[in-house]
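The values are calculated or read from the model by the stated rules, or taken from the named source; none is laboratory data. Everything numeric here is computed off the predicted structure, so don't read it as measured data. Cβ placement follows ideal geometry from the backbone for every residue including glycine, while neighbour counts extend to all protein chains displayed.
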Amino acid sequence: MSTKELVARTGNEAMAEAMRQINPDVVAAYPITPATEIVQLFSSFVADGLVDTEFVTVESEHSAMSACVGASAAGARVMTGTSSQGLILMAEILYIAAGVRCPIILAEVNRALSSPINIHCDHSDTMSVRDSGWIQIFSENSQEAYDNMIQAVRIGEHMDVRLPVMVTTDGFIISHGLEAISMLEDKEVQDFIGPYKAAYSLLDVGKPITVGALDFTDFYFEHRRQTAQAMENGKKVILEVGREFGEKFGRSYGFFEGYKLEDAEIALVMLGSTAGTARVAVDKLREAGVKCGLLKLRVFRPFPAVELAEALKHLKAIAVMDRSDSLSTAGGPLFTEVRSALYDLPSRPAMVNYIYGLGGRDITVADLEGIYQELQRISGGGQIQKTLQYLGVRE
Amino acid sequence: MGKLLEIRWHGRGGQGAKTGALLLGEVLVNTGKFMQAFPDYGPERMGAPMRAYNRISDEPITLHSGVTNPEVVVVLDATLLGKVDVTAGLPEDGVLIVNTPQEPGEIRKQLGLSGRKLFTIDANKISQETIGRAIPNTPMLGALVKVTGLVEYEHLITDARKTLTKKFQHKPEVIDGNIKAIERAYQEVHGE
Amino acid sequence: MTKTWKELPEGGLITESGNAHQYETGDWRNLRPVHDQEKCINCLFCWIYCPDSAIIIKDGKVVGVDYAHCKGCGICARECPEKVKAIKMVDESECE
């Protein structure tokens, strides 16, 4: 385990440093707030000769991801970074990257989608590409962003997986917030990730291949089934890599992290930086004797449904916190999936959904305490008045 | 979570309030204290009022909400007084440090302020004389550390130099100027 | 009172023209343009170039600056002809 000096890094700096230590073969990127710094810092590492990366400047995010797919198909270890409109401009090629099984790593900074234009944090962008075949890992803080980037390489490149991975942080809250983190030595990172051995290479003239061929009714379905299997395989690999990372460096990772969850009667389920704020609310309420806890989901794709059901089954009432709205009128994306995961339990906790923090609207300890109080009322036999609620919007 | 200290910096775009908050974060990172530093973001405009924040604690900080009740407020530009409510959320025993050639008493009268502890420092003059430009953030850091005793003086100087060296390695005169500015502000800040 | 979601125009539309006037950008200013009536030749260059329409004109003459909106960019002072220089940028802290 490393016991080095802590360093002060923003989320963006932490992700850029991880990229430097990973030293990918190719980075193709286009800048966008609040992710710009990641690739900007990385480009300075390239200019300073700290990495061997071929840095490709492109004219859009669509081109960035296209160049990434090309380079990855050629056998390179490839990374990029983006956010918001950039991510959804990439959307077409995100599906292709997963479909042709390119283990590209994307540093994604969660930001609201237009319109109205907004540069601040919510999870709309990442959620909008949740079915693209990318593994999606959320980070609570700079440290997790750094650790997740390094693990993402091992997860995506695993021969049983070979899927692209996006590691996300919350825009501005984490991307531009300075915190102390513990970094690994360059060599530790290199030893952990190992060299990349592509299954195939476009440039291998001795073993020529075609990438991105046409599938009709006769093959398309089978290929989609393969990708689903890769996601399934990813679950095992994510846990193995998270465990090994913990053994080597002292910080273990799983699909999710419970906080005071085991003996809790009520709990919140959420993604990203809000979990940190919720811990403070849990501690305060625990002091007052409230049996509350929280579950912070780290891996949204693949979705650990069975494991979540197991971890949440003892609760009396749960509030799922969505920092994006599906606009389905039936709840946010996290809520619908968590509720579905719990459907087969013999006795199900009561569940409510809060859409919160859209466009960077602040969420406070007091807001979260209020939700726990509502859960107390529900767990005490009170009626659920509204399953879906908008927290902090001006009514 | 143990005792949490929250600081709010007021400045105008371009004056370095964000850099001041980040520099304080960097200076604290190896003192055994836990810290956060972050700005408020909007459209970035030179001259527009902006805020930046620090959180400091002896225990890990997991809070990721905004700062609404800071114990310490640092004002980089006295022309903000009266235009921006710099004392918003500041408790009765809170600390207000203002960059101005005026005396604390005059500022108190100007703001019609009761309670709170007021300190002033002429950071513009100091930065003009040491750095050659009115960039008041480093002197305000010196004043802030003097008033709050957040970190040992020697540590402040050593770590501030270390951090500035990373940013201005090709401009040693900027590093020396900033360090002098911190030293002078540390000496010259005064309360009522 | 800030409007609720039920009261705001839908689609984030700004349905009232000219309401930028209500947004006072004057407090962004570090430097204040101070106009000298004596020196001014009323060429109106400042009025043409001001990006905030903050030069106040009356009967074809410059009569002052709209400090509620002037951001203090200094373009007026720069565009004022060399031989005239009727606008001086003064540090806000030195103004009343």
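What the table below lists for this structure:
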item: A:SER128 vs. criteria within 14 Å of another protein chain (Cβ to nearest Cβ) and in contact (Cβ under 8 Å) with a residue 40 or more places away in the chain; result: no
item: Filter result for C:GLU16 (at pLDDT below 95 and farther than 29 Å from B:GLY13 by Cα); result: yes
item: Pairs with Cβ under 7 Å, 6+ apart, first in segment B:48-67 and within 19 Å of B:GLY89 (Cα to Cα), second part of a strand (DSSP E or B) and polar (S, T, N, Q); result: B:ASN54/B:GLN36; B:ARG55/B:GLN36
item: Flag if A:LEU261 is assigned by TED's automatic domain parsing to the domain that holds A:VAL299, at pLDDT 95 or above, within 30 Å of A:ASP362 (Cβ to Cβ) and in a loop (DSSP other than H, G, I, E, B); result: yes
item: Condition check for C:LYS88: assigned to a loop (DSSP other than H, G, I, E, B) and either of a type in the set (Lys, Arg) or surrounded by 13 or more Cβ atoms within 10 Å (Cβ to Cβ) (or both); result: no
item: Close pairs from segment A:367-384: first within 16 Å of A:LYS291 (Cβ to Cβ), partner small (Gly, Ala, Ser) and assigned to a helix (DSSP H, G or I), Cβ under 8 Å, at least 6 apart; result: A:LEU368/A:ALA278; A:LEU368/A:ALA281; A:GLU369/A:ALA281; A:TYR372/A:ALA281
item: Residue that is nearest to the other protein chains (Cβ to nearest Cβ), among those in segment A:269-316 that are farther than 28 Å from A:LYS235 by Cα and assigned to a loop (DSSP other than H, G, I, E, B); result: A:ALA288
item: Looking only at segment A:232-243, and only at residues there that are surrounded by fewer than 18 Cβ atoms within 10 Å (Cβ to Cβ) and in contact (Cβ under 8 Å) with a residue 60 or more places away in the chain, the one that is farthest from A:ILE318 (Cα to Cα); result: A:ASN233
item: Answer residue from segment B:17-37, given it is within 7 Å of chain A (Cβ to nearest Cβ) and outside any helix (DSSP H, G or I) and is modelled with the lowest pLDDT among those; result: B:ASN30
item: Residue within segment C:66-74 that is surrounded by 14 or more Cβ atoms within 10 Å (Cβ to Cβ), within 14 Å of another protein chain (Cβ to nearest Cβ) and among the hydroxyl-bearing types (Ser, Thr, Tyr) present; result: yes
item: Per-region count, segment A:239-258, residues under 15 Å from the mean Cα position of the chain (by Cα) and part of a loop (DSSP other than H, G, I, E, B); result: 3
item: Residue match in segment A:348-355 (condition: within 14 Å of chain C (Cβ to nearest Cβ) and either surrounded by 17 or more Cβ atoms within 10 Å (Cβ to Cβ) or at pLDDT 95 or above (or both)); result: yes
item: Filter result for the condition that a residue is within 14 Å of another protein chain (Cβ to nearest Cβ) and aliphatic (A, V, I, L, M), over A:ALA16, A:ALA35; result: A:ALA35
item: Test: residue in segment B:118-139 that is exposed (fewer than 15 other Cβ atoms within 10 Å of the Cβ) and touching a Ser or Thr at 6+ places or on another chain (Cβ under 7 Å); result: yes
item: Complete set of residues in segment A:167-190 that are β-branched (Val, Ile, Thr) and at the interface with chain B (Cβ under 10 Å from one of its Cβ atoms); result: A:ILE173, A:ILE174, A:ILE181
item: Among the candidates A:GLU37, A:GLU61, A:GLU54, residue that is touching a strand residue (DSSP E or B) at 6+ places or on another chain (Cβ under 8 Å), buried (at least 24 other Cβ atoms within 10 Å of the Cβ) and among the acidic types (Asp, Glu); result: A:GLU61
item: Of residues in segment C:1-54 being part of a strand (DSSP E or B) and within 14 Å of another protein chain (Cβ to nearest Cβ), the one farthest from the chain's Cα centre (by Cα); result: C:LEU31
item: Selection status of A:ASP325, within 24 Å of A:GLY11 (Cα to Cα) and either surrounded by fewer than 17 Cβ atoms within 10 Å (Cβ to Cβ) or at pLDDT 95 or above (or both); result: no
item: Test: residue in segment B:135-148 that is out of contact with any Gly (no Cβ under 8 Å at 6 or more places or on another chain) and free of Cβ contacts under 8 Å to residues at least 40 places away in the same chain; result: no
item: Whichever residue in segment B:1-16 is under 22 Å from B:LEU164 (Cβ atoms), in a strand (DSSP E or B) and in contact with a helix residue (DSSP H, G or I) (Cβ under 6 Å, 6 or more places away or on another chain) and, among such residues, is nearest to the other protein chains (Cβ to nearest Cβ); result: B:GLY11
